[in-house]
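Okay, structure first, notes after.
The values are calculated or read from the model by the stated rules, or taken from the named source; none is laboratory data. Keep in mind that what you see is a predicted model, and the values were worked out from it rather than measured. As a convention, Cβ positions derive from the backbone with ideal geometry for all residues, glycine included, and neighbour counts pool all protein chains shown.
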There are 2 protein chains.
Amino acid sequence: MTYSSELIKGTLKTIVLKLLADNKKMYGYEITQKVKELTQDRIQITEGALYPTLHALEADKLVTTQTEYIGRRVRKYYSLSAAGKTVSKEKVSEMAAFMNTMALLLDLQPKTR
Amino acid sequence: MTYSSELIKGTLKTIVLKLLADNKKMYGYEITQKVKELTQDRIQITEGALYPTLHALEADKLVTTQTEYIGRRVRKYYSLSAAGKTVSKEKVSEMAAFMNTMALLLDLQPKTR
DNA sequence: TTTTATACATCGTTGTCTTATGTATCTTTG
DNA sequence: CAAAGATACATAAGACAACGATGTATAAAA
């Protein structure tokens, strides 16, 4: 089962930045698999969404890249820049605050209980 | 302070349905003010987003409307239909589940603590 | 009397994601 | 061994939601 994709909108960049903050370097396909695994298949990142996002992060200088070859196959690793680390933290805490507000609004038990 | 609006995307319908579940009948402007109040100005619903959403909910038969006049000014009240009540509950619990998953993914303290 | 608040509505633009498509290599399986 | 599936990148067309601007109109406050 997957969430109605509407909810996931706007969270992709945050997810990617957080994973990179935890893992030093990751490549695109690895990110999709990691998210699938961590969320027990509940969130599936499509490649059509991920790659443009990674390219945007790179254009914004939030990540740096390094290409490696596994046999003859290309693998493009992404790592957070200094700026990326800052933005990652900001995005994650913004998400946390937003979730608390939503919990309040939707009358769910708030985290501070 | 307002959240980077990206996060709010996809949650508007859920918010509206939840408010209507709690309040029997509300009109558009009232909804914008209620959300502002409940979230202490952290979430601001714009009219350009709200009215089309309300119209969509109506087209989907999730809400019924009734027009009233306050003096000479029109006010359009929205109420949940039976189907709307069901969908409201579904959307809210989907949102709750999604938030738990995101908390897990972002390594925030999960709600069950 | 002008500004602000209330109250509705639509429309063009933007941004994000989906779905589809394309290329290529490597591994597993019938 | 051939086909299918997994790994790995990428782009492009289209859908859809929300933003920001704009418009109309009434009521209240400054």
So B:Ser79 clears everything in (1) touching a residue at least 24 places away in the same chain (Cβ under 8 Å); (2) part of a helix (DSSP H, G or I); (3) of a type outside the set (Lys, Arg) except one condition, right? Which one? (2)
Quick one: which residue in B:Gln44, B:Gln66 is in contact with a Lys or Arg (Cβ under 9 Å, 6 or more places away or on another chain) and either within 11 Å of DNA strand C (Cβ to nearest atom) or β-branched (Val, Ile, Thr) (or both)? B:Gln66
B:Ala103 passes all but one of (1) assigned to a helix (DSSP H, G or I); (2) among the small types (Gly, Ala, Ser); (3) on the phi > 0 side of the Ramachandran plot; which number fails? (3)
Residue list for the stretch B:32-55, filter: out of contact with any strand residue (DSSP E or B) (no Cβ under 8 Å at 6 or more places or on another chain) and touching a residue at least 24 places away in the same chain (Cβ under 8 Å): B:Asp41, B:Arg42, B:Ile43, B:Gln44, B:Ile45, B:Ala49, B:Leu50, B:Thr53
Out of (1) part of a loop (DSSP other than H, G, I, E, B); (2) under 30 Å from B:Lys34 (Cβ atoms), what's the single condition that is false for A:Met95? (1)
Among the numbered criteria (1) over 23 Å from B:Thr101 (Cβ atoms); (2) within 11 Å of DNA strand D (Cβ to nearest atom); (3) touching a residue at least 24 places away in the same chain (Cβ under 8 Å); (4) surrounded by 14 or more Cβ atoms within 10 Å (Cβ to Cβ), which one does A:Gly84 miss? (2)
Residue selected from the stretch A:39-52 under the condition crowded, with 17+ Cβ neighbours inside 10 Å and under 21 Å from B:Ala103 (Cβ atoms), by the criterion nearest to DNA strand D (Cβ to nearest atom): A:Ile45
Just to be sure before I move on: is B:Met26 crowded, with 19+ Cβ neighbours inside 10 Å, modelled with pLDDT under 95 and in contact with a helix residue (DSSP H, G or I) (Cβ under 8 Å, 6 or more places away or on another chain) in the structure I sent? no
Looking at A:Glu94, A:Glu68, can you tell me which residue is touching a Phe, Trp or Tyr at 6+ places or on another chain (Cβ under 7 Å) and either of a type in the set (Lys, Arg) or away from chain B (no Cβ under 12 Å) (or both)? A:Glu68
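Residue-wise test of (1) more than 20 Å from B:Gly10 (Cβ to Cβ); (2) aliphatic (A, V, I, L, M).
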residue: A:Val16; (1), (2): no, yes
residue: A:Ala21; (1), (2): yes, yes
residue: A:Arg75; (1), (2): yes, no
residue: A:Ser81; (1), (2): yes, no
residue: A:Thr86; (1), (2): yes, no
Members of the stretch A:1-55 that are within 7 Å of another protein chain (Cβ to nearest Cβ), assigned to a loop (DSSP other than H, G, I, E, B) and not aliphatic (A, V, I, L, M): A:Tyr3, A:Ser4, A:Glu6, A:Lys9, A:Gly10, A:Thr11, A:Thr39, A:Arg42
